[in-house]
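J.: Dropping the structure in here first, questions after.
Read-outs: derived from the displayed coordinates by stated rules, not from any lab. Keep in mind that what you see is a predicted model, and the values were worked out from it rather than measured. Neighbour counts are summed over all protein chains in view; Cβ atoms, including those assigned to glycine, are modelled from backbone coordinates with ideal geometry.
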């Protein structure tokens, strides 16, 4: 597998707090990597730096040999829209839109016509087993269904890397497991790499390998089994 | 796992030969540790001695005599008692891992290394169980989930211990 995303020697401080001190990791095409660590260890900051949402104070992040911090903002935004997908724990769906419109939104932003975007969105919703609630809005469905819609939206643009930050943190075990299984199955089908931030070992066990963050430093515990 | 109670439970469905009991046990409970024939017959002898099973018939075949066993009323009462009594939680603090961490600290070796390698081993096992669960039926899923939750509890302990190594070093050395 080729290395898609490489972070080297990342440091990031928020005021007096050093969130990252010396963090390095790589993600190969199509692999599923769990980023683990206790609360406040810097794992979410690492994910945000990898995804080009945050600029590190030191170190570099390269995606397909291009350094993210050297890109103009517009290019980095386009990269996030086209090549990266995101799933967070809460609040990622637009409450005024139906689930179908939510999933179609990134495709519409990418310039796709409405009918085509909604047709494609429906395919993704069916894959995530939420096709039957396409006309409902967030708030009219369960948390588990909402997260599956969020995964469908993140995958609709067929990203090369899917970033997921505690995607099942607000769900009970059974619903969390269902979301994870569908997320990983869909990622394997599309060949997307997944970077999954979690503090739960059972969630990390779905990945191919894990990177541990402690006090802002990374530690690659295990290579692909 | 009480093999005696498991065999008694299997006999509640009707009398069986020792061989059939082993097969039924292995199918349901023995995925990782199938019973030896010796364990089956020694357990049945004990149950017989204690009046929890009785010989229901004997068949002469080409090989040795085959006894068929049936559960007695006392056996049924015993199962009732067993199922109604919660299992005692394991005293985890006395386990090998705790001893290894303390001994590493006492000898100046890397306790973090002990914890990290154990952590990796636990995660390897959890990945294997997660894969098995994905391919398995509902029984497999429940069995794997039980193991996964226990391993996760161990991992949380490993994390907490890693965070407390400095304190532990002070009291261990």
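J.: Which of rounded, prolate or oblate describes region A:34-159 when judged by the alpha-carbon gyration tensor and an a/c cut-off of 1.5?
T.: Here region A:34-159 falls in the oblate category.
J.: Sticking with this one: Evaluate the relative contact order of chain A (contact order divided by residue number), counting alpha-carbon pairs under 8 angstrom at least 6 apart; express in whole percent.
T.: This gives 30 percent for chain A.
J.: While we're on this one: Relative to the longest principal Cα axis of chain A, at what angle does helix A:143-156 sit, 0 to 90 degrees, rounded to 10?
T.: With rounding to tens, the tilt is 80 degrees.
J.: Moving to a separate point now. Report the calculated FRET efficiency for residue A:57 and residue A:81 (r = Cβ-Cβ distance, R0 = 25 Å), to the nearest 0.05. If you can, show how the numbers build up before the last one.
T.: On the way: r = 25 Å, r/R0 = 1.01.
Computed FRET efficiency for residue A:57 and residue A:81 comes out at 0.50.
J.: For chain B, find the longest principal axis of its Cα atoms and tell me its angle to the long axis of helix B:111-135, 0 to 90°, nearest 10.
T.: 40
J.: Moving on. Which value results when the Cα radius of gyration for chain B is divided by 2.2 N^0.38 Å?
T.: Details: Rg = 22.1 Å, N = 173, 2.2 N^0.38 = 15.6 Å.
In units of the globular-protein estimate, chain B measures up at 1.42.
J.: Roughly how tilted is helix B:96-107, in degrees to the nearest 10 and between 0 and 90, from the longest Cα axis of chain B?
T.: Around 30 degrees separate the two axes.
J.: Can you bin region B:25-77 into rounded, prolate or oblate? Criterion: square roots of the alpha carbon gyration tensor eigenvalues sorted a ≥ b ≥ c, rounded for a/c under 1.5, prolate for a/b above b/c, oblate for the rest.
T.: oblate
J.: Any chance you could list P(r) for region A:83-153, counting all Cα-Cα pairs in 5 angstrom bins from zero, rounded to whole %?
T.: P(r) over region A:83-153, rounded to whole percents: 4, 19, 32, 27, 14, 3, 0.
J.: Give the shape of region B:103-173 as rounded, prolate or oblate, defined through the alpha-carbon gyration tensor: a ≥ b ≥ c are the square roots of its eigenvalues, a/c under 1.5 means rounded, and otherwise the shape is prolate if a/b is larger than b/c and oblate if not.
T.: Cα axes put region B:103-173 in the prolate bin.
J.: Another question, then. Would you mind calculating the relative contact order of chain B from Cα pairs under 8 angstrom and at least 6 residues apart, reporting the percent as a whole number?
T.: Details: 143 pairs, mean separation 29.3, N = 173.
In percent, rounded to a whole number, it is 17.
J.: Report the relative contact order of region A:165-225, percent, no decimals, based on alpha-carbon pairs under 8 angstrom and at least 6 residues apart.
T.: 24
J.: Related question: Once fully extended, how much extra length lies between residue A:189 and residue A:173, figured as 0.36 nm per residue of separation less the alpha-carbon to alpha-carbon distance? Spell out each step's value before the answer.
T.: Details: separation 16, 0.36 × 16 = 5.76 nm, distance 2.40 nm.
Net length gain for the segment: 3.4 nm.
J.: If you wrap a convex hull around the Cα atoms of region A:80-225, how much volume per residue is inside, in Å³?
T.: In region A:80-225, the Cα hull volume divided by residue count equals 114 Å³.
J.: Name the residues of region A:92-127 whose amide N is less than 17 Å from a point 7 angstrom out from the Cα of residue A:137 along the C-beta direction?
T.: Label zone hits: A:92-105.
J.: Using C-alpha positions alone, give me the convex hull volume of region A:166-225 per residue in cubic angstrom.
T.: Roughly 92 Å³ of hull volume per residue.
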